[in-house]
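What follows is one structure encoded as structure tokens, with my remarks underneath.
The values are calculated or read from the model by the stated rules, or taken from the named source; none is laboratory data. Every value quoted in this text rests on a predicted model; they were computed, and no experiment measured them. Cβ placement follows ideal geometry from the backbone for every residue including glycine, while neighbour counts extend to all protein chains displayed. Side chains are part of the model used for accessible areas, which takes the heavy atoms of the whole protein and leaves out ligands, DNA and RNA. Shrake-Rupley method; radii C 1.70, N 1.55, O 1.52, S 1.80 Å.
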Amino acid sequence: MKLRVDSTADHQFGTNSFLIEDEDTHDAVVIDANLEPEPLVELIRKRKAKVLAILLTHTDVDHVAGLAGLLREVGQVPVGVHESERHVVAEGKPLRRRWPVPLPPVETVTSLVEQEKFRAGSLQFEVLHTPGHSPGGVSLKIDGHVFTGDALFAGSIGRSDFDNSDPQALLDGIHSKLMSLPDDTIVHGGHGPDTTIGRERRTNPFLT
Ligand SMILES: [Zn+2]
């Protein structure tokens, strides 16, 4: 497998959407659906990537708002989300009281389960439950890459001051599930630039 990772960020929240592709088979997965799906759609077309699933690190509106647009492009592929935030995608219920933005319900929701693998063609992701920013936060690991959503960023960690946040769970998850990965693991956060586990271990002020 020859893994290629590309990302696009929207202009309003700087939320990253990722296209992960096996260049040998063109099997691909999208992680998170930011507010501007068009650049990602262009990328998918340019690469002739076969998007087999869309996986969500969590369901804050800036990570799911582009879902309908993406599904129109790639067809009704499975949309993976942790069980505790399934209702947001399946029923269109907002994750936060604070941002009550309704979304069109998705019919192809599938569950991402801690410790279980998610397979999409030649791609296989390991699901790591990293809650705290939100109850169903997951990180997705493939080869030497981990997609951490709003749990871990370069030089920072996610907010945990919302009604359904849990600051201790956020730190516990980062330490037990992410900081246990090898130093050279590339971290792709939900916002901002890539980093590595080693760099965050040494320099992230929220973890030292
Ligand atoms: Zn976010």
FRET efficiency for GLU73 and HIS11 from the Cβ-Cβ distance with R0 = 22 Å, rounded to 0.05, comes out at 0.65
Accessible surface of the chain [probe 1.4 Å, protein heavy atoms]: carbon and sulfur percent: 51
For the range 26-101, report the accessible area per residue in Å² (1.4 Å probe, heavy atoms, rounded to an integer). 43
Sparse-neighbour loop sites [GluC sites (Glu not before Pro); the range 37-126; at most 16 other C-beta within 10 Å; DSSP]: GLU91, GLU107, GLU114, GLU116
Part-to-part distance (alpha-carbon centres) for the range 1-57 and the range 145-170, which is given in Å: 22
When the dipole is taken about the Cα centre of the range 72-206, and only Lys, Arg (+1) and Asp, Glu (-1) are charged at their Cβ, what size is it in debye, to the nearest 20? 200
Based on Cβ point charges of +1 for Lys and Arg and -1 for Asp and Glu, what charge dipole magnitude is obtained for the range 1-141 about its Cα centre, in debye rounded to the nearest 20? 80
Counting residues in the range 1-94 as N, plug N into 2.2 N^0.38 Å and put the Cα Rg over that result. 1.02
Kirkwood hydrodynamic radius (Cα pairs, Å) of the range 94-164? 13.9
With 10 Å bins from zero, work out the P(r) of the chain over every alpha carbon pair and list the percent per bin. 9, 39, 39, 13, 0
Using 5 Å bins from zero, what percent of all Cα-Cα pairs in the range 125-208 falls into each bin? 3, 18, 30, 28, 15, 4, 1
Using +1 at the Cβ of each Lys and Arg and -1 at the Cβ of each Asp and Glu in the range 119-208, identify which of HIS129, LEU171, ILE186 lies farthest towards the dipole's positive end. ILE186
Counting only heavy atoms of protein chains, what accessible area per residue, in Å², does the range 159-208 have with a probe of 1.4 Å? 53
What does the charge count around PHE147 come to, taking other residues whose C-beta lies under 13 Å from its C-beta (Lys +1, Arg +1, Asp -1, Glu -1)? -4
Output the Kirkwood hydrodynamic radius of the range 42-106, Cα pairs only, in Å rounded to one decimal. 12.4
Please report the antiparallel percentage of DSSP beta bridges with both residues in the chain, rounded to the nearest 5. 65
ASP184 versus GLN124: modelled label distance in nm, points set 7 Å from Cα along the beta carbon direction: 2.1
Lysines with Cα under 27 Å of LYS50, excluding same-chain neighbours fewer than 8 positions away: LYS2, LYS117, LYS141
At 222 nm, what helix-only mean residue ellipticity would the chain give, in deg cm²/dmol to the nearest 500, using -39500 (n - 2.57) for each DSSP H run of four or more? -5000 deg cm²/dmol
